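J.: Here's a structure for you.
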Amino acid sequence: MRSDANIAGPMTDPVPGPRTESVGDGVSRETPPPMDDTPIGRAAQLAVEALGRAGEGLPRPDRTRVIVVANQKGGVGKTTTTVNLAASLALHGARVLVVDLDPQGNASTALGIDHHSDVPSIYDVLVESRPLSEVVQPVPDVEGLFCAPATIDLAGAEIELVSLVARESRLQRAIQAYEQPLDYILIDCPPSLGLLTVNAMVAGAEVLIPIQCEYYALEGLGQLLRNVDLVRGHLNPDLHVSTILLTMYDGRTRLASQVAEEVRTHFGKEVLRTSIPRSVRISEAPSYGQTVLTYDPGSSGSLSYLEAAREIALRGVGVHYEAQHAHAIQNSQQNVSEGIQ
Ligand SMILES: Nc1ncnc2c1ncn2[C@@H]1O[C@H](COP(=O)(O)OP(=O)(O)OP(=O)(O)O)[C@@H](O)[C@H]1O
Ligand SMILES: [Mg+2]
């Protein structure tokens, strides 16, 4: 793992797809034409600006940040958040590993990583003590992004781990022995609080909880927080909830803003100012084996994950996040969700 402080250098062309336009006379121009002063025009303008910033150097952490994406409630956006944040951080210039710790293998699918049953996977690392380096694969299309895939074998690991020595710290050991330089490791947990999630919580210092802006959003959170306390007390003194991310936010419903308000009152500074809108593009991307960042770089979903990643990176080095931009993005998200999606 890396331990030197440095600043991410600018990447040359972080987002695949055309960044320049031909103007018909064989000349290509980098800057877009002026946008109409319409909601969609402004949203597009913001998209272009945000994409320009995707390759902007963000401060890198001085040591690898291991972030556990957990919530035992199913379908709240853990996997979507893991893969899209990871891709955003990589597009911002960081080196990022996604560890797929869910037997469903959704993160592996979304990153376009082969994970049929013969592929060396995180199961081999946890149960067979295989080095992490032997299972990590580069993610196609996103430079600096890697994935340790999950196969269906992992479904048996909860039980197989019980009888193994150091059953709670097998992932931690594997990560400590991994020598490739990394800025972030994001661990996608299954929707349970069993030994797989405990392994993630022992391996990482930070817990990121995605909360879906829906009915019963806070139900079960007490149990999750008690588990974090237990693991901190017995197995990993560094563990803490560092980040709460509101997902599937629909600005048109009163319910979403009520949930958001409740979460902000309850958690305060851990809640990212950027929230993730409900977006068709976000839900479509995995079926193409892509993150929304490559599937539709200018979409509201892509912009909000880029912004959330920026916020996380800045918080990690204690730099105040400029909220003004978050509001601009939020407004644009609302416009986009009402207008073109
Ligand atoms: N912002 C969003 N807008 C629209 N759909 C979304 C959004 N985020 C997630 N989804 C969709 O919601 C569903 C659940 O998301 P996801 O798989 O990320 O949740 P999860 O917490 O990982 O689920 P599980 O508990 O099963 O692992 C998926 O179909 C996903 O495409
Ligand atoms: Mg999932």
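The values are calculated or read from the model by the stated rules, or taken from the named source; none is laboratory data. Everything numeric here is computed off the predicted structure, so don't read it as measured data. Here the Cβ is made from the backbone with ideal geometry for all residues, glycine too, and neighbour counts use every protein chain on show. Ligands, DNA and RNA are excluded from the accessible area calculation, which covers all protein heavy atoms including side chains. Shrake-Rupley method; radii C 1.70, N 1.55, O 1.52, S 1.80 Å.
J.: Which values, in whole Å and largest first, are the semi-axes of the equivalent ellipsoid of region 63-340 obtained as the square root of 5 times each eigenvalue of the Cα gyration tensor?
T.: Gyration-tensor ellipsoid for region 63-340: 29, 21, 17 Å.
J.: Quote the Stokes-Einstein diffusion coefficient, in whole µm² s⁻¹, for region 109-164, based on the Kirkwood radius over alpha carbon pairs, a temperature of 4 °C and a viscosity of 1.567 mPa s.
T.: Using the Kirkwood radius from Cα pairs, D works out to 109 µm²/s.
J.: Nearest 5 is fine: what % of DSSP beta bridges in region 63-340 come out antiparallel, could you say?
T.: In region 63-340, DSSP labels about 5 percent of beta bridges as antiparallel.
J.: Among MET201, PRO191, VAL317, whose Cα projects farthest towards the positive end of the dipole of region 63-340, with charges put on the beta-carbon of Lys, Arg (+1) and Asp, Glu (-1)?
T.: Most positive-ward Cα: VAL317.
J.: Can you give me the convex hull volume of the Cα atoms of region 225-304, divided per residue and expressed in Å³?
T.: Roughly 133 Å³ of hull volume per residue.
J.: Jot down the radius of gyration and Dmax of region 56-176, Cα atoms only, both in angstrom.
T.: Expressed in Å, the Cα Rg and Dmax of region 56-176 come to 14.4, 47.
J.: Just want the answer: with Cβ charges of +1 for Lys and Arg and -1 for Asp and Glu, which residue in ILE211, PRO286, VAL259 is farthest toward the dipole's positive end in region 63-340?
T.: So the residue furthest toward the plus end is VAL259.
J.: OK, next. Hey, any idea what % of region 63-340's accessible area is carbon plus sulfur with a 1.4 Å probe?
T.: Roughly 49 percent, rounded to a whole number.
J.: With only Lys, Arg, Asp and Glu charged, each at its Cβ (+1 for the first two, -1 for the last two), find how big the charge dipole of region 63-340 is about the Cα centre; round to the nearest 20 debye.
T.: Computed about the Cα centre, the dipole is about 740 debye.
J.: Over all alpha-carbon pairs of region 195-329, lay out the pair-distance distribution in 5 Å bins, whole %, shortest bin first.
T.: 2, 9, 17, 19, 19, 18, 11, 4, 1
J.: Before I look further, what does region 63-340 give for accessible area per residue, probe 1.4 Å, in whole square angstrom?
T.: Averaged over the residues of region 63-340, the accessible area is 40 Å².
J.: I'd like the Karplus ³J(HN,Hα) series for region 223-234: coefficients 6.51, -1.76, 1.60, θ = phi - 60°, whole numbers in Hz, and an x wherever there's a Gly or Pro.
T.: Coupling constants for region 223-234: 5, 4, 5, 5, 5, 4, 4, 4, 5, 4, x, 10 Hz.
J.: Taking every pair of Cα atoms in region 153-270, average 1/r, invert it to obtain the Kirkwood radius, and report Rg/Rh to two decimals.
T.: 1.02
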